Each structure stands twice: as C-alpha cells, then as structure tokens.
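Everything on this sheet refers to the single structure shown next.
The values are calculated or read from the model by the stated rules, or taken from the named source; none is laboratory data. Computed from a predicted model, the values in this text were never measured in an experiment. Ideal geometry is used to build each Cβ from the backbone, glycine not excepted, and the neighbour counts take in all protein chains shown.
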Amino acid sequence: MSHAKHPARNAAVALVAAGMGATMVFGAGASAVAAEARAPFALDTATAVAAQASAQAQAAHQAAVAKAAQAAKAQAAQAKAAAAKKAAVAKAAAAKKAAAKKAAAAKAVDWVKPVSGYKLTAGYAQGGAMWTNKHSGQDFAVPVGTPVKATHSGVVVKAGPNGGGDGPAYGNAIVIKHANGTYSQYAHLSKIKVHVGAKVKTGQQIARSGNTGNSSGPHLHFEIRTTADYGSSVNPAKFLRAEGVVI
C-alpha cells in the first residue's frame, strides 16, 4: 500500500512518532536532573558522616590524653606524698636520735665529782671527837691546792672565811644554790675563786682545796643541803649516786 495514497494517516503516524520521541527525550532529561539533584545530598551525607567520625575520634583521643595526664598527675602526687612521708619519718628519727644524744650528753655532765685524785675518808653521819654532832658531809683527802669544781651549775650564795657564814669550823667555804632546789657546800679551802652572786657551770673550777678551819689534814669537806645553811645536809654520796655519779 502506498503512503502517498493516505496522507491523513501518515500525518497521524508522524505525530504519534514525534510524541513518543518527545516523551523519551523528556524522560531522559528528567532522570538526569533527578540524578543531579541526588548527587549533592549523597555527598553532604558522606561528608557529615566522615566529619562526625573524625570529631568522635578526636574527642576520644583528647579524653585518652586527659585520662593519661590525670593518671600521671595522681601518680606524681602519690610519689610526692610518699617522699614527703619518708622525709618526715627520717627527720623525726634524726630529731629523736639527736635529742637522745643531747639528753645523754647533758646527763653525762649533769653532775660531776668535786675533786679528782682523791681518797675517801670521813663519811656522812660518821661520829667522832672531831665533830660536835655527827659528820655532816663527805671528806675527800687531796693535797692542798687541788682544783675544786662545782658539782652542778648554779649561783654562789656563800663564799668566804668563817665557813662563808656557817662558822669557823668550815674554814674557807663556798655554798652554791642549784636549780633543782638543792645546795652544795665546799669547805676547808685554801683559795676561793668565785664571789657571791656568781653563776657557775658544771665542772667549773671554783676553788683550791686546803686545810683551813677544823681540819685534821688537807682535804675537801663536801655537803649536799636542802637549804643554804648548816643543819640541812643529806647523804652526799647517795645523792650523787642518784644523779649518776659514783664517788
């Protein structure tokens, strides 16, 4: 059949064909536009996910660093506290040792013997024709001129002839008042080297022994008293022994 013979039908077919072509072309264009529209959205989503992952990783890293720093700080604080405690213990031990050493040294020179190189003769409370009453002290037989030392630190309250005021029987004498409330007396001296009111130290030379007063020979008469005056004496050997001094 010839197309030329049916012009109307041919036109209709052409229009249909043209319509189909337009539809296909439009559809292809719409698909491309939709694809272009979806592409930025997909890109934004991927970027956001990546950014979120990066932020989370960074936050986790910072948290780990902070935790490590805190742990290191706590460890340093513990080490510092342990070192301080160790130092305090060592310091306390050293202080205790020093105090004990000082106390021992102080005790070692707290009281001393009044003379050296002596021989004990008449003892405390001994009776005899030499004394109106019993002997009030301890005698140390030594040559004239032997150094006489203060048995303990204190203040001189009597010094001079006539027993420093206690009577001629004592000859030249000294009485020292000590901080513990006791008094020590040194008699029959040949020379006095201190004066009333003088402060003396333990072991300080205060006189030289002699043979003055009521004396049967060169010696030091030594007393421990509860007051400065005659008649208040106690056993000097026993007293010194209690202070760590054995005569």
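Structure notes:
- Some residue of the stretch 226-243 being at pLDDT 95 or above, basic (Lys, Arg) and assigned to a strand (DSSP E or B): no
- Complete set of residues in the stretch 181-222 that are in contact (Cβ under 8 Å) with a residue 24 or more places away in the chain, assigned to a loop (DSSP other than H, G, I, E, B) and under 15 Å from LYS158 (Cα atoms): THR182, VAL194, HIS195, VAL196, GLY197, ALA198
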